[in-house]
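One structure is given here, and the rest of the page talks about it.
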Amino acid sequence: MALVSSWIGKPFPQFLMNSDSEQELSNKDLIGSWNVMFFYPKDRSPGCSVQAQTFVLEEERFLSYGAKVFGVSSDSVKSHARFKCDIGGNLTLLCDHKSSLRKKLGLGRTLGLIPHRVTFVIDPEGLVQWVFNSQMAVKKHVYGSLKYLSTV
């Protein structure tokens, strides 16, 4: 998807979202550290569960690179809280109400139905440095992010 890769080197768009713990988070909270934002279709679906659990499994490696990890979908805060209990770990899940950030990023839908699965690595200045887009290769979102972070 050409639109997604066109974000490399550009500022991550402005947003204001609620987390699974009902705290507000904005793009300003990304400044000063590396961040990984993975957009996934749906809480508790099989592929999304594997992807999120793999991010949890590698949590310490992300922390060793000074990176925070955020999962983003349009599911509700309540749904995110249940999903977080299912997957364990300390990932922050963000509610992209009405898919407003997804739309700003130009993320579409597979077959017009399933929201695209896309991961962004954002540098401490708030610039997108790496993007991966794959609906099926759920673990590559995790390991590709780690590989990129190991080079910076």
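The values are calculated or read from the model by the stated rules, or taken from the named source; none is laboratory data. Nothing here was measured: the structure is a model prediction, and the numbers come from that model. Backbone-built Cβ (ideal geometry, glycine too); neighbour counts: all protein chains shown. The accessibility values were calculated without ligands, DNA or RNA, using every heavy atom of the protein model including side chains. Shrake-Rupley method; radii C 1.70, N 1.55, O 1.52, S 1.80 Å.
Data table
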read-out: Positions within region 2-25 being under 25 Å from S76 (Cβ atoms), open to solvent by 80 Å² or more (accessible area, probe 1.4 Å) and assigned to a strand (DSSP E or B), in sequence order; value: L16, E24
read-out: First in region 18-45 and within 19 Å of R61 (Cα to Cα), second anywhere and surrounded by fewer than 16 Cβ atoms within 10 Å (Cβ to Cβ), Cβ under 7 Å, 6 or more apart; value: G32/P124; S33/G66; S33/P124; W34/G66; W34/P124
read-out: Test: residue in region 107-127 that is open to solvent by 80 Å² or more (accessible area, probe 1.4 Å) and within 13 Å of the chain's Cα centre (by Cα); value: no
read-out: Some residue of region 50-64 being more than 25 Å from S33 (Cβ to Cβ) and at pLDDT 95 or above; value: yes
read-out: Some residue of region 66-87 being under 25 Å from S150 (Cβ atoms) and either open to solvent by 60 Å² or more (accessible area, probe 1.4 Å) or touching a His at 6+ places or on another chain (Cβ under 6 Å) (or both); value: yes
